[in-house]
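Engineer: Mind looking over this structure? Questions follow.
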Amino acid sequence: MVCLGNICRSPLAEGILKHKAAQAGLEWYIDSAGTNGYHVGEAPHPLSQKVARLHGVEISKQRARKFVTEDFQRFDKIYAMAEDVVEEMQRIARGKFAEEKTELLMNELNPGKNEEVPDPWYGPEPGYHIVYEMIEKACDKIIEKYTLKNTQD
Ligand code: 4NP
C-alpha cells in the first residue's frame, strides 16, 4: 500500500487489509510505504490512528518508510492511492517499474475508473473518515476476490 508520506492513507490501508486478511484466515504479508521521505520513522498521523481505532483497527505501531525499487521484487501486488503516487513510484524505480503489479487501490472497487484516495493531510478530521470508508470498501473487494478464487480452486 503506497501513498506519498506513509503517514495518512497507506498506514490505514495496511492496517485495514491486515485486519480483514486475518479475519478471513489469509496469510498475506502486507506492508506500506511512502514515495517521499519526509516522515520516515514516524508513527501514522494521529487522526489516521484515531479513525482506525474507532473501527477496531490498531495502527499506532507502524512506522513510515520510503518506497524502494526492491519493493517491486518483494511484493506480488502494489496498490497506489493516487496517480501522483504511481508517477513517483515510476521515478524511484527507473527502469524497474513493474506495471503488471501496480494498480490504483480504488480500481479494485470500480475497475478502470482510476478514482483516487484523496490526500487528507492538509484538512480536518472528516477527510480521514472519508478516506477510511473508501479504503475499507476497496479492501473488502480484495478479500472477496481472493477468498472466492480459493473456494473455486
Ligand atoms: P499521505 O499524506 O500521503 O496520505 O501520508 C501526506 C502526508 C505528508 C505529506 C504529503 C502527503 N507531506 O508532504 O509531508
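Engineer: Against the definition (part of a loop (DSSP other than H, G, I, E, B) and in contact (Cβ under 8 Å) with a residue 12 or more places away in the chain), how does Glu14 come out, yes or no?
Structural biologist: In short, no.
Engineer: Which members of the range 84-111 meet the condition of being part of a loop (DSSP other than H, G, I, E, B) and surrounded by 13 or more Cβ atoms within 10 Å (Cβ to Cβ)?
Structural biologist: Phe97, Ala98, Leu109, Asn110
Engineer: Do any residues in the range 107-134 that are at negative phi and within 14 Å of the ligand (Cβ to nearest atom) have Cβ atoms under 9 Å from those of residues that are in a helix (DSSP H, G or I) and of a type in the set (Lys, Arg), where the two are at least six apart or on different chains, and which pairs are they?
Structural biologist: Filtered contacts from the range 107-134: Val117/Arg9; Pro118/Arg9; Asp119/Arg9; Pro120/Arg9; Trp121/Arg9; Tyr128/Lys50; Val131/Arg9.
Engineer: Output the residues belonging to the range 67-98 that are in contact with a helix residue (DSSP H, G or I) (Cβ under 8 Å, 6 or more places away or on another chain) and among the charged types (D, E, K, R).
Structural biologist: Asp76, Lys77, Lys96
To keep it simple, each residue is scored yes or no on (1) under 16 Å from Thr102 (Cβ atoms); (2) surrounded by 16 or more Cβ atoms within 10 Å (Cβ to Cβ); (3) within 17 Å of the chain's Cα centre (by Cα); (4) of a type in the set (A, V, I, L, M, F, W, C).
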| position | (1), (2), (3), (4) |
| --- | --- |
| Gln23 | no, no, no, no |
| Ala33 | yes, yes, yes, yes |
| Val40 | no, no, yes, yes |
| Pro44 | no, yes, yes, no |
| Gln62 | no, yes, yes, no |
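Engineer: For the structure I just gave you, tell me whether Pro120 is at pLDDT 95 or above and in contact with a Cys (Cβ under 8 Å, 6 or more places away or on another chain).
Structural biologist: Considered against the rule, which asks whether it is at pLDDT 95 or above and in contact with a Cys (Cβ under 8 Å, 6 or more places away or on another chain), Pro120 comes out as yes.
Engineer: Would you tally the residues in the range 30-83 being farther than 16 Å from Gly5 by Cβ, part of a loop (DSSP other than H, G, I, E, B) and either within 13 Å of the ligand (Cβ to nearest atom) or without any contact (Cβ under 8 Å) to a residue 40 or more places away in the chain (or both)?
Structural biologist: 8
The values are calculated or read from the model by the stated rules, or taken from the named source; none is laboratory data. On a predicted model such as this, the values are computed, not experimentally measured, just so you know. All Cβ positions, even for glycine, are placed from backbone atoms using ideal geometry, and neighbour counts span all protein chains on display.
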